[in-house]
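The values are calculated or read from the model by the stated rules, or taken from the named source; none is laboratory data. Bear in mind the structure is a predicted one, so any value in this text is a computation, not a measurement. We place every Cβ from the backbone using ideal geometry, glycine too, and count neighbours over all the protein chains shown. Note: accessible area is taken over every heavy atom of the protein model, side chains too, but ligands, DNA and RNA are not part of it. Shrake-Rupley method; radii C 1.70, N 1.55, O 1.52, S 1.80 Å.
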Amino acid sequence: MKIPYYPGCTLSTTAKAFERTAMSAAEMLGFTMVEIEDWNCCGASFPLTQDNIMGLAGPTNVLIDAKKECLKEGYEDKVVTLCSVCFNVLRRTNYAFKEKKDKLDTVNFMLEKDYAADTNVYHYLEVLRDDIGYDVIKEKVKKELKGLKVAPYYGCFLLRPQDEVGFDDQYAPTIFEDFLSTLGCEVVDFSHKSECCGSYSAMRSPENVEECAYNVVDAAAAAGAEILVTACPLCQFNLDEKQESIKAHHSDATEIPVVYFTQLLGLALGMDVNDFKLDENRVNPLPLIQAKGLV
Amino acid sequence: MHAHDSHEVEVDEFIENITKMSGEDFSLCYQCGKCTAGCPMADVMDFPPTLVMRYMQMGLSEELKKATSRWDCVGCLVCGSRCPKFCNPAKVMESLRLDDIKSGRRQEEIEALPVNFLKKAPQQAIVSGFRKYVP
Ligand code: SF4
Ligand code: SF4
């Protein structure tokens, strides 16, 4: 099974560890992610004002390029994303066009294209659940992640706005939990799994991000988590990177490593942990993984 | 905005513009405070979402122009997801911030951005940050 893949601006650069583990795991699970031939940045944020039609042009171009790939012989008619922001922006763009056809007409006019809002956008987790099946993944697990207490961190953009994204229940999501149970992890429910990491304010207010990150990491630690998993390079960065300054400002802070869910998937499927680039993390997950006897 | 316009006309223009940009019907908000209760940035905001909605209802544009909370908004969309009246304060925050930038009231200077941070940050932070804060 070949699925067109849209990497977006971060996956082939600062989030290589996310991309590589996802692509290798895909091969082991029976599908190939083929990067779409021609693509641009999705804009990394969905425009929230009515008059910002320009903000829809970027993602529309991506959706058009992806559709070309989807229509090739032997390819699935869907594009898969890893970054939760890319996923959010692309799905919301289609939704915006379905809600307001005149927006689609305007963007088509601007781009001199004829997009029909018909590119199917999926997140990698949805592909695992719906196309591969958690039961199949369970059979392929070589090393159950027994005893590893994992807190699934959804953040904002996989879940909100629920009507437009349609990924999972925004108040009681299960896709991450079920995935982690499949790998044998002990799933830790915690109060801040869909609270913001501070997002793009990383660029102008590090102190605001630190506050957000502290709240998330602290809640995960209080619930007994040993490790946090995310599906977003910016969440990973904010939650991990800020732990140094959090420690300096909060004497009660507990350090918790933050990894991509595909890194745990890779670990469970028996991939070599040396390929995971874990040393790029501020809080190194390796000692924990070793202590649990998983490497 | 013309210097000779009366104060009233100016007030209307600002409120009208924000109403149009956000697409919000401010009369729906009944001030329950759920948006602010869920807002991760409410503690540091001068005008948390509930208050922004109220000032928009009342047409208090001069006060709104001076408020800075939209620069603390992280766009998490919690406010809209919790609102029992289906309002979306995040859209109002974004409209106010873009109006700050367009009208020259405030913007982020590229020179002031932390270079070391930009070197190691995910591209995604830089792209969305530029979209949100820089003209
Ligand atoms: S949650 Fe909705 S109705 Fe309640 S104060 Fe906020 S915007 Fe108004
Ligand atoms: S989108 Fe902005 S105003 Fe709304 S809850 Fe998040 S930070 Fe607060």
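Return the pairs, sorted by first residue and then second, in which the second residue is in a helix (DSSP H, G or I) and open to solvent by less than 30 Å² (accessible area, probe 1.4 Å), the first residue lies in segment A:3-14 and is within 13 Å of chain B (Cβ to nearest Cβ) and under 15 Å from A:ASN40 (Cβ atoms), the beta carbons are less than 7 Å apart, and the residues are 6+ apart or on different chains.
Close Cβ pairs satisfying both conditions: A:PRO7/A:GLU19; A:GLY8/A:CYS86; A:CYS9/B:GLN124; A:THR10/A:PRO233; A:THR10/B:GLN124; A:LEU11/A:PHE18; A:LEU11/A:GLU19; A:SER12/A:GLU19.
Six or more apart or on different chains, Cβ under 6 Å: which pairs go from a residue in segment A:41-59 that's facing chain B (nearest Cβ under 8 Å) to one that's of a type outside the set (Ser, Thr, Tyr) and assigned to a loop (DSSP other than H, G, I, E, B)? Could you list them?
A:GLN50/B:GLY23; A:GLY55/A:GLY43; A:GLY55/A:PRO47
Inside segment A:146-167, can you point out the residues that are of a type outside the set (Phe, Trp, Tyr), within 15 Å of A:THR230 (Cβ to Cβ) and either open to solvent by 10 Å² or more (accessible area, probe 1.4 Å) or within 13 Å of chain B (Cβ to nearest Cβ) (or both)?
A:GLY155, A:CYS156, A:LEU158, A:LEU159
Looking at (1) more than 10 Å from ligand 2 (Cβ to nearest atom); (2) at pLDDT 95 or above, find the lone condition where B:VAL9 falls short.
Of the numbered conditions (1) more than 10 Å from ligand 2 (Cβ to nearest atom); (2) at pLDDT 95 or above, the odd one out for B:VAL9 is (2).
Among the residues of segment B:74-101, write down those that are hydrophobic (A, V, I, L, M, F, W, C), outside any helix (DSSP H, G or I) and in contact with a helix residue (DSSP H, G or I) (Cβ under 6 Å, 6 or more places away or on another chain).
B:VAL74, B:LEU77, B:CYS83, B:CYS87
Take B:CYS87 and tell me if it is at negative phi, within 10 Å of ligand 2 (Cβ to nearest atom) and modelled with pLDDT of 95 or more.
no
In segment A:116-134, which residue that is among the aliphatic types (A, V, I, L, M) and more than 17 Å from the chain's Cα centre (by Cα) is least open to solvent (accessible area, probe 1.4 Å)?
The extreme case among them is A:ALA117.
Yes/no matrix, rows are residues, columns are (1) among the aliphatic types (A, V, I, L, M); (2) outside any helix (DSSP H, G or I):
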{"residue": "A:ASN208", "(1), (2)": "no, no"}
{"residue": "A:ALA213", "(1), (2)": "yes, no"}
{"residue": "A:ASP218", "(1), (2)": "no, no"}
{"residue": "A:ALA225", "(1), (2)": "yes, yes"}
{"residue": "A:VAL229", "(1), (2)": "yes, yes"}
{"residue": "A:CYS235", "(1), (2)": "no, no"}
{"residue": "A:ASP240", "(1), (2)": "no, no"}
{"residue": "A:GLU244", "(1), (2)": "no, no"}
{"residue": "A:ALA248", "(1), (2)": "yes, no"}
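What are the residues in segment B:81-107 that are surrounded by fewer than 17 Cβ atoms within 10 Å (Cβ to Cβ) and more than 16 Å from ligand 1 (Cβ to nearest atom), if any?
Listed by number, the residues that qualify are B:ILE101, B:LYS102, B:SER103, B:GLY104, B:ARG105, B:ARG106, B:GLN107.
Would you check if A:ASP178 is assigned to a helix (DSSP H, G or I) and modelled with pLDDT of 95 or more?
yes
Just the residues that are within 14 Å of chain A (Cβ to nearest Cβ) and under 16 Å from B:ARG82 (Cβ atoms), please, taken from segment B:15-44.
Result: B:GLU24, B:LYS34, B:CYS35, B:ALA37, B:GLY38, B:CYS39, B:PRO40, B:MET41, B:ALA42.
Restricting segment B:20-66 to residues that are of a type in the set (Ser, Thr, Tyr), more than 23 Å from A:GLU210 (Cβ to Cβ) and within 14 Å of ligand 1 (Cβ to nearest atom), which is least open to solvent (accessible area, probe 1.4 Å)?
This residue is B:SER22.
Quick one: in segment B:57-73, of everything that is within 13 Å of another protein chain (Cβ to nearest Cβ) and not in a helix (DSSP H, G or I), which residue is farthest from ligand 2 (Cβ to nearest atom)?
Result: B:THR68.
State all residues of segment B:77-105 that are more than 10 Å from chain A (Cβ to nearest Cβ), within 19 Å of A:CYS196 (Cα to Cα) and within 12 Å of the chain's Cα centre (by Cα); if no residue qualifies, say none.
B:PRO89 - this is the single residue of segment B:77-105 that is more than 10 Å from chain A (Cβ to nearest Cβ), within 19 Å of A:CYS196 (Cα to Cα) and within 12 Å of the chain's Cα centre (by Cα).
Sort out which residues of segment A:80-134 are of a type in the set (Lys, Arg), closer than 22 Å to A:PRO7 by Cβ and in a helix (DSSP H, G or I), and write them in order of number.
A:ARG91, A:ARG92, A:ARG129
For segment A:31-78, which positions are of a type in the set (A, V, I, L, M), part of a loop (DSSP other than H, G, I, E, B) and in contact with a Ser or Thr (Cβ under 8 Å, 6 or more places away or on another chain)?
Answer for segment A:31-78, where residues must be of a type in the set (A, V, I, L, M), part of a loop (DSSP other than H, G, I, E, B) and in contact with a Ser or Thr (Cβ under 8 Å, 6 or more places away or on another chain): A:ALA44, A:LEU48, A:ILE53.
Do you know which of the residues in segment B:110-135 that are more than 8 Å from chain A (Cβ to nearest Cβ) and in a loop (DSSP other than H, G, I, E, B) is farthest from A:CYS9 (Cα to Cα)?
My answer is B:PRO135.
Conditions (1) over 19 Å from A:THR81 (Cβ atoms); (2) surrounded by 18 or more Cβ atoms within 10 Å (Cβ to Cβ); (3) within 11 Å of another protein chain (Cβ to nearest Cβ); (4) of a type in the set (D, E, K, R), marked per residue:
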| position | (1), (2), (3), (4) |
| --- | --- |
| A:ALA172 | yes, no, no, no |
| A:PHE176 | no, yes, no, no |
| A:LYS193 | yes, yes, no, yes |
| A:ASP218 | yes, yes, no, yes |
| A:LEU234 | no, yes, yes, no |
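More than 17 Å from A:ASN94 (Cβ to Cβ) and hydrophobic (A, V, I, L, M, F, W, C) - does that describe any residue in segment A:52-62?
yes
Does A:GLY184 satisfy the criteria of being within 14 Å of chain B (Cβ to nearest Cβ) and at positive phi?
no
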